[in-house]
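The values are calculated or read from the model by the stated rules, or taken from the named source; none is laboratory data. As the structure is a computational prediction, the values presented were derived from the model and not from experiment. Here the Cβ positions follow ideal geometry from the backbone for every residue, glycine too, while neighbour counts run over all protein chains shown.
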Amino acid sequence: MDTPHTTPDDDVPASKSQRKRDMLELQQLGEQLAGLSPARLDALDLPASLRGALGEYNRIRAHEGRRRQAQYIGRLMRGVDPAPLREALLDASGDSRAAVARLHRLEDLRSQLLADDAALTALLVAHPGVDAQPLRAQLRAARAEHAAGKPPKHYRALFQTLKQLLENEDDGSS
């Protein structure tokens with residue numbers, strides 16, 4: 001089995017400089033994880049000690065304290081597989097293909113709802129647990145807002161409602 005400090009083609013340990021680069025990369029990954037919301041962190045399979053260290057990093061305000069906490073997080077990260085964590089960061093930042101596809105799906109659904117009432121009927125049939133009245137009110141407000149040339153407040157609120165609906169759907173199916 002290859003350890004992070006050996007190369008795959010031979011059993012010669014990595015240089016000290018390479019080990020430092022690896023540790024720095026894990027430390028930076030940990031700092032990026034600290035920027036995720038608590039809900040996204042809960043979805044990840046993180047050890048309790050790492051989860052606590054990430055929370056503590058967010059509470060610390062002093063520069064030196066944050067630097068030392070980041071080093072500690074990097075040390076804890078050595079025992080965790082970084083691949084799923086990197087994927088979670090890509091998904092959170094919207095850089096992954098799945099996140100981009102989800103956003104396009106939401107935008108298309110919003111456009112269909114604004115263009116045609118039949119799309120609302122189809123959405124309500126597909127999601128029987130959805131309360132139709134607030135959704136209809138949001139649609140009417142977004143349409144009126146667009147017709148009046150006002151800033152897209154309700155248009156954005158409709159997007160967030162649809163996003164929440166689809167996230168709940170995804171959580172229920174997994």
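A few remarks follow.
- Sub-7 Å Cβ pairs linking a first residue in segment 124-140 that is in contact (Cβ under 8 Å) with a residue 60 or more places away in the chain to a second residue that is among the aliphatic types (A, V, I, L, M), at least 6 apart or interchain, number zero.
- Those residues of segment 38-79 which are free of Cβ contacts under 8 Å to residues at least 12 places away in the same chain and part of a loop (DSSP other than H, G, I, E, B), in sequence order: I60, R61, A62
A quick yes/no check of all residues on (1) out of contact with any Lys or Arg (no Cβ under 8 Å at 6 or more places or on another chain); (2) outside the structural domain of A88 (by TED's automatic domain parsing); (3) more than 21 Å from E167 (Cα to Cα):
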| residue | (1), (2), (3) |
| --- | --- |
| D11 | yes, yes, yes |
| M23 | no, no, yes |
| L26 | no, no, yes |
| L29 | no, no, yes |
| Q32 | yes, no, yes |
| S37 | yes, no, no |
| R40 | yes, no, no |
| D45 | yes, no, no |
| A48 | yes, no, yes |
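- If the condition is being more than 21 Å from N168 (Cβ to Cβ) and under 28 Å from the mean Cα position of the chain (by Cα), then segment 112-153 contributes L114, P151, P152, K153.
- Filter result for D108 (of a type in the set (D, E, K, R), more than 24 Å from the chain's Cα centre (by Cα) and outside the structural domain of E25 (by TED's automatic domain parsing)): no
- Tally, over segment 44-55, of residues that are small (G, A, S) and surrounded by 14 or more Cβ atoms within 10 Å (Cβ to Cβ): 1
- G94 vs. criteria of a type outside the set (D, E), surrounded by fewer than 16 Cβ atoms within 10 Å (Cβ to Cβ), farther than 23 Å from D22 by Cβ and at pLDDT below 90: yes
- Filter pass, A101 being part of a helix (DSSP H, G or I) and under 28 Å from R86 (Cα atoms): yes
- Extreme residue, modelled with the lowest pLDDT, among residues of segment 133-154 that are surrounded by 14 or more Cβ atoms within 10 Å (Cβ to Cβ) and among the hydrophobic types (A, V, I, L, M, F, W, C): L135
- Qualifying residues in segment 28-37 (those that are in a helix (DSSP H, G or I) and of a type in the set (G, A, S)) - the one surrounded by the most Cβ atoms within 10 Å (Cβ to Cβ): G30
- Residue that is nearest to E87 (Cα to Cα) [pool: residues in segment 8-27 that are in a loop (DSSP other than H, G, I, E, B) and among the aliphatic types (A, V, I, L, M)]: A14
- When L50 is tested against the conditions (1) at pLDDT 90 or above; (2) more than 19 Å from the chain's Cα centre (by Cα), the lone failure is (2).
- Against the list (1) in contact with an Asp or Glu (Cβ under 9 Å, 6 or more places away or on another chain); (2) closer than 19 Å to Q27 by Cβ; (3) not in a loop (DSSP other than H, G, I, E, B), the condition F159 fails is (2).
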